[in-house]
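One structure is given here, and the rest of the page talks about it.
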Amino acid sequence: MIANITDVKTFWDSNPCQSNLSDKKDRKEYYKEITYKRYHGREWHVPIVAKFKEFKYRDVLEIGCGFATDGLEFAKNGARYVGIDLTPKAIELAKERFELFNVKGTFINVNAEETLPFPDNSFDHIYSFGVIMASPHPEYIVEQMYRVLRPGGTFTVMLYNRSSINYYIEIMFLRKLFRRILYPKCMPRLLSKVTGFDEWKLNEHRRIMREKGKLTKEEWISINTDGPLCPLMKVYNRREAAELFKKFNDVKQDIWEFNSEHWSFIGKMIPTKVERAIGRIWGWHRMIYGKKPT
Ligand SMILES: C[S@@+](CC[C@H](N)C(=O)[O-])C[C@H]1O[C@@H](n2cnc3c(N)ncnc32)[C@H](O)[C@@H]1O
């Protein structure tokens, strides 16, 4: 059964994206550490693809801003920034973050699949990182993007990449092959000790397997992307992404991000340079850029 928008909202509201990257008590230090880890870890490519400095005095809308790690960079670099998100928690944290860093921005709690509270042709640029494929009707969101972008306005979107090592080798092959290993009760703990993978995630996978038995392909993809409790996630290859954005002009795509942490001790042996090079060919982040026709 495909998850609905309430399932999506409930999940992200209780798991704000990357909120576990820091456990610092001081809120400003907490956000600083998250920003540092995002841009110096496996998502080192975000500043390159987002081009934060190119939108000074421009109206920028972020769809699915989460707690606005990237939003803060757009705003600090002079963009007139508006962040929207499905969950009240993300909006509350994003507002707190902007206040702590004394940066101006507007935040609205809204479902981007519905008519957005902006007139047609309101924004110069739309940014959305890891969001559209987490929603039941990505095509509705893209329709809204088209409506609220100004003619000639641009967008930068990240969707998960079907044509990737993560999808074909990890999710559709290795994880399927090894899931039965989790049947004995002791296995999540044992496997976690051997591989370093999170024990709670292995426990959840075991529970789902025992309670639900056979999953649909959509369900399998969803629980193997942003954690076992993630209700909905889709993946896109070049053709599928091009189809989604077919109304736009100059649509270009490129690929980034290989997460070596998924590869336990083998991953630790991969040099950063090699990891990044693999990401550019078979990575998990499919970036899509385009323009609304003038
Ligand atoms: C994977 S997180 C990404 C957050 C942020 N863009 C980042 O990169 O850290 C997905 C976010 O999309 C939001 N989201 C999912 N569906 C949405 C929708 N239909 N409308 C608005 N936001 C949505 C979720 O609430 C969540 O904050």
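Quick notes on this structure:
- Of Ala68, Ala112, all but one fail to be surrounded by 17 or more Cβ atoms within 10 Å (Cβ to Cβ), touching a residue at least 12 places away in the same chain (Cβ under 8 Å), under 20 Å from Lys32 (Cβ atoms) and in the same structural domain as Arg38 (by TED's automatic domain parsing); the exception is Ala68.
- Evaluation of Pro228 against (1) in contact with a His (Cβ under 6 Å, 6 or more places away or on another chain); (2) exposed (fewer than 13 other Cβ atoms within 10 Å of the Cβ) (one fails), failing number: (2)
- Odd one out for Asn111, checked against (1) of a type outside the set (A, V, I, L, M); (2) within 12 Å of the ligand (Cβ to nearest atom); (3) not in a loop (DSSP other than H, G, I, E, B): (3)
- Unique match (being at pLDDT 95 or above, within 9 Å of the ligand (Cβ to nearest atom) and either in contact with a Lys or Arg (Cβ under 7 Å, 6 or more places away or on another chain) or of a type in the set (Ser, Thr, Tyr) (or both)) among Ser122, Ser128: Ser128
- Among the residues of segment 186-212, just one is more than 23 Å from Val235 (Cβ to Cβ), modelled with pLDDT under 90 and not in a helix (DSSP H, G or I), namely Gly196.
- Candidates Ser14, Ser22, filtered to the one that is farther than 19 Å from Met158 by Cα, among the hydroxyl-bearing types (Ser, Thr, Tyr) and in contact (Cβ under 8 Å) with a residue 40 or more places away in the chain: Ser14
To keep it simple, each residue is scored yes or no on (1) closer than 29 Å to Ser264 by Cα; (2) more than 16 Å from the ligand (Cβ to nearest atom).
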| residue | (1), (2) |
| --- | --- |
| Glu143 | no, no |
| Met158 | yes, no |
| Arg162 | yes, yes |
| Arg175 | yes, yes |
| Leu190 | yes, yes |
| Thr195 | yes, yes |
| Glu199 | yes, yes |
| Met233 | yes, no |
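The values are calculated or read from the model by the stated rules, or taken from the named source; none is laboratory data. Note that the structure is a prediction, hence the values are computed from the model and not measured. Don't worry about glycine lacking a Cβ; one is built from the backbone with ideal geometry, like all the others, and counts go over all protein chains shown.
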